[in-house]
Amino acid sequence: MASGESSTHSLLSLLKPIPELATEEFHLFQTLVLRESGIHLGEKNRAMLVSRLWKRLRELKLHSFSSYYRRVKSDPQELVCMLDCICTNETHFFREPVTFEYLRTRIFPEWLAEADANKRRRKLRIWSAACSTGEEPFSLAMALLTYFPAAAGWDIEILGTDLSTKVLANASAGVWPAERLSDVPAEYQRKFLLRGFGQEQGKIKATDELRSIIRFQRLNLTEEPYGVGGSFDLIFCRNVLIYFQWETKIKVVDALGRYLAPNGYLFLGHAEGLHSVADKLQNVAPKVLRSPRASMSRHSPLSILQRRNREEKI
């Protein structure tokens with residue numbers, strides 16, 4: 001085919017009318033997405049679903065949402081691609097500055113004092129759940145390496161997880177558009193971020209020091225047990241619970257709380273309306289929960305609602 005014919009064919013493909021998503025088809029996708037990710041798609045999300053899935057239909061040369069649904073059901077890799085399309089991945093460096101201020105003024109001094117008094121190991125494990133393209137775990141890494149340097153004997157490990165393989169690939173690369181720098185304190189820019197030049201101009205890249213303490217893996221927050229290798233001193237799970245139904249929110253917060261080390265902290269997003277969902281955790285600040293000093297069983301629900309559900313099943 002001549003190049004002109006190829007261009008015309010591509011244009012016609014783009015101009016094909018979007019097939020209708022019937023109510024029955026929407027309900028099928030709605031149920032599937034809820035089961036596989038915990039994300040609830042309401043009627044207001046219908047247009048978004050059509051727009052994002054239509055791209056996959058074009059790429060796979062499928063002509064209906066029913067055929068795409070059958071493809072997703074029979075192909076585990078396409079299921080992952082579908083979830084990548086649906087996930088919303090808005091994030092930026094040092095999001096919700098009050099959160100990082102609380103770390104600097106309350107939690108970091110506490111950890112330093114405990115280490116100086118030999119009440120804490122000089123090892124910190126941090127988990128950034130639903131980390132998207134990595135700005136949150138890299139923000140945490142910059143702050144932690146500043147206050148807890150390896151030269152002082154500190155060992156820091158940060159885990160970033162997300163449901164979307166696409167955003168995790170971007171996070172692992174540690175490269176972002178240079179305009180994202182505006183959210184990063186100048187001191188951290190100089191110390192931890194490299195500016196691109198030549199063909200890489202307009203980009204920033206995390207230093208090897210930052211990248212060396214962070215690892216990424218795909219993880220579905222609605223599926224336990226979590227394969228995260230132990231407990232954490234700090235867990236961030238911000239601005240993802242808003243996409244879950246109430247029962248799923250309780251389940252996820254309950255599960256995350258059980259992965260906290262004694263006296264560990266769980267940070268939730270400011271937009272998430274959760275109050276006292278895990279009554280065995282202490283509310284120490286808005287959207288900040290702390291675990292007891294004594295170790296908790298990973299198999300014992302923290303939420304009174306979860307405990308009631310278990311008792312009713314028994």
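The values are calculated or read from the model by the stated rules, or taken from the named source; none is laboratory data. The model shown is predicted, which means the values in this text are computed figures rather than measured ones. Virtual Cβ from ideal backbone geometry, glycine too; neighbours counted across all protein chains shown.
Go through segment 214-260 and report how many residues are surrounded by fewer than 18 Cβ atoms within 10 Å (Cβ to Cβ) and aliphatic (A, V, I, L, M).
2
Could you give every pair whose Cβ atoms fall below 8 Å, whose first residue belongs to segment 99-117 and is within 17 Å of Pro149 (Cβ to Cβ), and whose second residue is exposed (fewer than 14 other Cβ atoms within 10 Å of the Cβ), counting only separations of at least 6 or pairs across chains?
These pairs meet every condition: Ala115/Arg121.
Taking the options Leu53, Leu60, name whichever one is surrounded by fewer than 18 Cβ atoms within 10 Å (Cβ to Cβ) and either under 13 Å from Tyr243 (Cα atoms) or in contact with a helix residue (DSSP H, G or I) (Cβ under 8 Å, 6 or more places away or on another chain) (or both). Walk me through how you get there before you give the answer.
Numbers: Leu53 fails: surrounded by fewer than 18 Cβ atoms within 10 Å (Cβ to Cβ).
When all the criteria are applied, what remains is Leu60.
Return the residues of segment 109-131 that are in a helix (DSSP H, G or I) and either surrounded by 17 or more Cβ atoms within 10 Å (Cβ to Cβ) or under 15 Å from the mean Cα position of the chain (by Cα) (or both); say none if nothing qualifies. Working first, answer last.
Going residue by residue through segment 109-131, those that are in a helix (DSSP H, G or I) are 109-116.
Trp111, Ala115, listed by residue number.
The conditions are (1) in a loop (DSSP other than H, G, I, E, B); (2) of a type outside the set (A, V, I, L, M, F, W, C); (3) in contact (Cβ under 8 Å) with a residue 12 or more places away in the chain, and Glu223 fails exactly one of them. Which is it?
Only one criterion is unmet by Glu223, namely (3).
From Leu168, Leu140, Leu163, grab the single residue that is under 12 Å from Ile213 (Cβ atoms) and either in the same structural domain as Pro262 (by TED's automatic domain parsing) or in contact (Cβ under 8 Å) with a residue 24 or more places away in the chain (or both).
Working: Leu168 fails: under 12 Å from Ile213 (Cβ atoms); Leu163 fails: under 12 Å from Ile213 (Cβ atoms).
Every option except Leu140 fails the conditions.
If a residue must be at pLDDT 50 or above and either loosely packed, with under 10 Cβ neighbours inside 10 Å or not assigned by TED's automatic domain parsing to the domain that holds Tyr69 (or both), how many such residues does segment 5-19 contain? Outline the logic, then answer.
Residues of segment 5-19 at pLDDT 50 or above: 16-19.
Adding the requirement that they be either loosely packed, with under 10 Cβ neighbours inside 10 Å or not assigned by TED's automatic domain parsing to the domain that holds Tyr69 (or both) leaves 17.
Selection size over segment 5-19: 1.
Six or more apart or on different chains, Cβ atoms under 9 Å: show the pairs whose first residue is in segment 48-70 and part of a loop (DSSP other than H, G, I, E, B) and whose second is of a type in the set (Ser, Thr, Tyr).
Matching pairs, first to second residue: Lys61/Ser13; Leu62/Tyr68.
Would you please list the contacts, defined by Cβ atoms under 8 Å and residues six or more apart or on different chains, that run from a residue in segment 118-134 that is in contact (Cβ under 8 Å) with a residue 40 or more places away in the chain to a residue that is in a loop (DSSP other than H, G, I, E, B) and among the charged types (D, E, K, R)?
The qualifying pairs are Ala130/Arg238; Ser132/Glu90.
Which condition breaks for Ile242 when tested against (1) closer than 30 Å to Glu78 by Cβ; (2) touching a Pro at 6+ places or on another chain (Cβ under 9 Å)?
It fails just one condition, (2).
Within the bounds of segment 235-249, is there any residue that is part of a strand (DSSP E or B), over 13 Å from the mean Cα position of the chain (by Cα) and closer than 25 Å to Leu124 by Cβ? Working first, answer last.
Just the residues of segment 235-249 that are part of a strand (DSSP E or B), to begin with: 235-237, 244.
Still in the list and also over 13 Å from the mean Cα position of the chain (by Cα): 244.
In the following step, the residues that additionally are closer than 25 Å to Leu124 by Cβ were identified as none.
Checked segment 235-249: no residue is part of a strand (DSSP E or B), over 13 Å from the mean Cα position of the chain (by Cα) and closer than 25 Å to Leu124 by Cβ.
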